[in-house]
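Here's the structure, in structure tokens; my notes come after.
Every read-out reported here was derived from the displayed coordinates using simple, explicitly stated rules and does not represent laboratory data. This structure is a prediction, so every number in the text was calculated from the model and none was measured. Neighbour counts run over all protein chains shown; Cβ positions are idealised from the backbone, glycine included.
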Amino acid sequence: MHEWTIADNLVRLVGEAARKEGLTEVSEVYVKVGVLRQVIPETLKTAFSHLIGEIEFAGAELKIEKIPLAVKCRDCGSKKAGDDLAFTCGRCGGIDLEILAGDELYLDYLEGKGNGE
Amino acid sequence: MKIAIKEDILKEEDRIGAENRREFLARGVAAFNLIGSPGSGKTSLIEAAYRELGGELAIGVIEGDLASDKDTVRLRNLGLPALQINTGRGCHLSPLMIKKALPEIDLAALDILIIENVGNLVCPVSFDLGETAKIGLISVAEGDDKPTKYPLLFREAEVVVLNKIDLVPHSDFDREAFYSGLRAINPAIGVIEISCRTGEGVEEWGSWLRERVSSPAGR
């Protein structure tokens, strides 16, 4: 249910950015969410569509790109990626892993219309 | 038209969390964000810390619950200064809730602030309250598969406390399965086995806190 807090912050960011850019309409909101964030996309979408309805960009659709986990072993240098959350190196058994991807939670871009479009 | 943004969605929450962290450091308080399921023994673990360390270190508590001040009353009756935050519908404490609560606490008089988060293994993990360390609490009664099911907490926590070990002989809890699941998620994490009911392991819990307080910066 932290999706509601995330959606709350997201709607505020969308509103600020769209106003700054002079948009009159936002059609789509693209976010990237890493698997480590434990976000349920359907819940985030429900929360977003509810909360975006409270500002002037109501109707904007949320598009979520899920990013799998990608890690690199600092001992042997091998990399692996996938939705499997295992934090030991598959090749050498090392435990000192660098997270390359999977902890993202950011607003990527908006699609919208400005004045004169 | 396409407007590129590339901004962290939780940047405002993280900014407030960082403010709280600076405040804790400035006042010389080690803050612990205690995260565990409802009924895992979070309040009992705080009581155990107080009984073990109350004579040498000043401990304060922030209690996060959806509703009621039951836990706060329970801790105050022991002599612990405790402040209640009711989150209403909210399933986790937020950095802002902590920031608003801090002026009501005499931080300078404390060595340790334990923040008991709302009972939940998922949502609280996503929010940096400004704590010195997150402590993950699970109890034997919940089953040995929790690290596998709730990996993020066991990644983010600095230590895991396994409570209610007196129940192991009466349950299907498989220690080996628990440890292998936990190690797959966080190979280096420390585990304190404890029974708040019998007092087993409480000394080790106290020692961990004592040691952690002596180096409150960073993690």
Among A:Val33, A:Val14, the single one that is in contact with a Phe, Trp or Tyr (Cβ under 7 Å, 6 or more places away or on another chain) and of a type outside the set (Phe, Trp, Tyr) is A:Val14
How many residues of segment A:76-95 are among the charged types (D, E, K, R) and loosely packed, with under 14 Cβ neighbours inside 10 Å? The answer is 3
Within segment B:143-160, the residues that are of a type outside the set (Asp, Glu), assigned to a loop (DSSP other than H, G, I, E, B) and within 14 Å of chain A (Cβ to nearest Cβ) are B:Tyr150, B:Ala157
Residues in segment A:76-112 that are in a strand (DSSP E or B), more than 7 Å from chain B (Cβ to nearest Cβ) and not aliphatic (A, V, I, L, M) total 4
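Table: residues versus (1) under 23 Å from A:Glu3 (Cβ atoms); (2) surrounded by fewer than 20 Cβ atoms within 10 Å (Cβ to Cβ); (3) within 14 Å of chain A (Cβ to nearest Cβ); (4) small (Gly, Ala, Ser).
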| residue | (1), (2), (3), (4) |
| --- | --- |
| B:Ile112 | no, no, no, no |
| B:Val125 | yes, no, yes, no |
| B:Ala141 | no, yes, no, yes |
| B:Leu162 | no, no, no, no |
| B:Asp166 | no, yes, no, no |
| B:His170 | no, yes, no, no |
| B:Arg175 | no, yes, no, no |
Looking across segment B:10-22 at residues that are away from chain A (no Cβ under 14 Å), surrounded by fewer than 17 Cβ atoms within 10 Å (Cβ to Cβ) and among the charged types (D, E, K, R), the single one that is nearest to B:Ile192 (Cα to Cα) is B:Arg22
Over segment A:17-45, the set of residues in contact (Cβ under 8 Å) with a residue 24 or more places away in the chain and away from every other protein chain (no Cβ under 12 Å) is A:Pro41
Yes or no: A:Leu36 assigned to a helix (DSSP H, G or I) and within 17 Å of B:Ala184 (Cα to Cα)? yes
| task | Inspect all residues belonging to segment B:81-88 and state whether any of them is within 14 Å of chain A (Cβ to nearest Cβ), under 17 Å from the mean Cα position of the chain (by Cα), surrounded by fewer than 17 Cβ atoms within 10 Å (Cβ to Cβ) and hydroxyl-bearing (Ser, Thr, Tyr). | result | yes
Notebook entry, point to check: What about B:Val73, is it in contact with a Ser or Thr (Cβ under 7 Å, 6 or more places away or on another chain) and either among the basic types (Lys, Arg) or at negative phi (or both)?
Noted result: no
Those residues of segment B:181-219 that are assigned to a helix (DSSP H, G or I), out of contact with any Pro (no Cβ under 9 Å at 6 or more places or on another chain) and without any contact (Cβ under 8 Å) to a residue 24 or more places away in the chain come to a total of 3
Out of (1) small (Gly, Ala, Ser); (2) over 26 Å from B:Asp14 (Cα atoms); (3) part of a strand (DSSP E or B), the one A:Ala70 does not meet is (2)
Among the residues in segment A:55-70, are any among the small types (Gly, Ala, Ser), in contact with a Leu (Cβ under 8 Å, 6 or more places away or on another chain), over 30 Å from B:Ile189 (Cα atoms) and loosely packed, with under 15 Cβ neighbours inside 10 Å?
no
With the first residue restricted to segment B:42-57 and required to be surrounded by fewer than 17 Cβ atoms within 10 Å (Cβ to Cβ), and the second required to be acidic (Asp, Glu), Cβ contacts under 9 Å at 6 or more apart or on different chains are B:Glu56/B:Asp111
